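Everything below concerns the one structure shown next.
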């Protein structure tokens with residue numbers, strides 16, 4: 001632990017199995033999980049559900065209260081709002097699925113929407129996990145020991 005005059009306000013003060021892990025291991029683990037999520041193919045359902053299961057299993061180990069998690073998840077709102085407009089956009093393909101109020105809904109836009117929602121939400125959840133079990137000083141100085 002790194003001595004500080006105060007505890008960071010983002011860190012959760014609950015006892016968790018993840019609090020005892022070295023900071024550099026937590027930062028490296030979160031980096032690898034986010035990297036795996038970023039390069040995953042959202043058309044592969046096994047990858048999607050395995051990432052969801054892994055991240056939410058780790059979230060359950062942290063003992064972060066649901067109210068705190070949902071408050072911190074509000075950072076995802078701009079990504080969700082942006083993703084909601086994507087089904088109405090198409091790149092070059094004219095792959096219209098159906099029409100809503102004279103607006104065309106395109107398959108490529110729907111795929112991009114699910115990709116952004118999946119990756120942004122899980123990536124943010126991993127960040128919430130890291131800040132919940134690690135102080136800011138440990139996050140800053142932990143990677144120096146890698």
Packing-based ranking, highest mean first, of 106-119, 45-58 given that Cβ atoms within 10 Å are counted: 106-119, 45-58
Percent RCO, i.e. relative contact order, over segment 52-123, from Cα pairs under 8 Å lying at least 6 residues apart: 31
Angle in degrees between helix 23-38 and the longest Cα principal axis of the chain, rounded to the nearest 10: 10
Helix 45-62 vs. the chain, principal-axis angle (Cα, 0 to 90°, nearest 10): 30
Part-to-part distance (alpha-carbon centres) for segment 27-66 and segment 94-146, which is given in Å: 11
C-alpha long axis of helix 107-133 to longest principal axis of the chain, angle in °: 10
Which labelled figure in (1) 11, 33, 30, 16, 9, 2, 0; (2) 11, 39, 31, 12, 5, 2, 0; (3) 12, 45, 35, 8, 0 is P(r) over Cα pairs in 10 Å bins from 0, in percent, once derived from the coordinates: (1)
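Just so you know, all these numbers are worked out from the coordinates, no wet-lab data involved. Just so you know, these numbers come straight off a predicted model, no measurement behind them. Here Cβ is always computed from backbone atoms with ideal geometry, including for glycine, and neighbour counts include all displayed protein chains.
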